[in-house]
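Student: Provided herewith is a single structure, encoded as structure tokens, for subsequent inquiry.
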Amino acid sequence: MEAPSEAQLPRRTGGWITFPFIIASSVGLTLAFGGWTNNLIVYLIKEFDVESIDAAQISNLVNGAGSLIPVVAAIIADSFLGCFSTIWISSIISLLGTILLALTATVDSLRPKPCEVGSTSCTPKPKGQYVVLYAAIALTTLGSGGTRSTLSTIGADQLADNQGIKGFFFNWFFFFWYSASVVSSTAIVYVEDNVSWKAGFFICAASNIVALLIFLMGSRFYTKFKPEGSPFTSFGSCCCC
């Protein structure tokens, strides 16, 4: 009996070959999200004449949603879509929102016209401009939250056969994650404050695009587990009984 050729052997997936793809995706998405959230209050006040209290509340809502959405995304990934699909869908949603946000800084008709304090000739602010702004914020927050918990999970899934080195993976994963957070809150914020909002937001959009492309490039290497249900859905079923 002939031995199967190399082309006939099942391709091995998972392992450390997936590490660069997952880490690079995490870095890019963290840069994209942190690049605008860290300066959101200033943008709302300066460019959209939002009251400082309202701007702070919006920022708090974004941060709160950013902490809650990963829990919902994890339930969806575990019960319905799986981590891989949840990540690329969320990345596209985040990208759409980031591009829309960049357009608010680029297209004059999407921003209120400047109005001097005390002036009586200020034109009313079109509500459509704020609809676009808040839609952009909602999309980016939703998309980023969808990847925050699932990227680390899919990374751990690739090392299912190497339980002893998962801690090593998480050490590096969070090292790069926090490093990207520092860069987003310093370098990108500097660009927004000293160059232009348009440049800063398009850097965020570019980071999102690169992260999505790199993640999809590693698709053939990932071990993709089928959804097996979430403890939360099981708990909900028990409560309904």
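Student: Kindly establish whether residue 133 is modelled with pLDDT of 90 or more, of a type in the set (A, V, I, L, M, F, W, C), under 17 Å from residue 46 (Cα atoms) and open to solvent by less than 20 Å² (accessible area, probe 1.4 Å).
Tutor: Considered against the rule, which asks whether it is modelled with pLDDT of 90 or more, of a type in the set (A, V, I, L, M, F, W, C), under 17 Å from residue 46 (Cα atoms) and open to solvent by less than 20 Å² (accessible area, probe 1.4 Å), residue 133 comes out as yes.
Student: Separate question: Restricting the search to segment 33-75, which residues are under 23 Å from residue 146 (Cα atoms), of a type in the set (A, V, I, L, M, F, W, C) and out of contact with any helix residue (DSSP H, G or I) (no Cβ under 6 Å at 6 or more places or on another chain)?
Tutor: Within segment 33-75, 58, 61, 68, 71, 72, 74 qualify.
Student: For the list (1) at pLDDT below 95; (2) open to solvent by 60 Å² or more (accessible area, probe 1.4 Å), I need the number of the one condition that residue 92 fails.
Tutor: (1)
Student: Looking only at segment 49-74, count every residue that is aliphatic (A, V, I, L, M) and either open to solvent by 70 Å² or more (accessible area, probe 1.4 Å) or assigned to a loop (DSSP other than H, G, I, E, B) (or both) and tell me the total.
Tutor: The number of residues fulfilling the criteria is 5.
Student: Another question about this same structure. Are there any pairs, at least 6 apart or on different chains, whose C-beta atoms fall under 9 Å, with the first in segment 171-185 and closer than 14 Å to residue 19 by Cβ and the second part of a helix (DSSP H, G or I) and aromatic (Phe, Trp, Tyr), and if so, which?
Tutor: 172/19; 173/19
The values are calculated or read from the model by the stated rules, or taken from the named source; none is laboratory data. All figures in this text were calculated on a predicted structure; none of them were measured in a lab. Please note: Cβ atoms are built from the backbone with ideal geometry, for glycine as well, and neighbour counts cover all protein chains shown. Just so you know, the surface numbers come from the protein's heavy atoms only, side chains and all, with ligands and any DNA or RNA stripped out. Shrake-Rupley method; radii C 1.70, N 1.55, O 1.52, S 1.80 Å.
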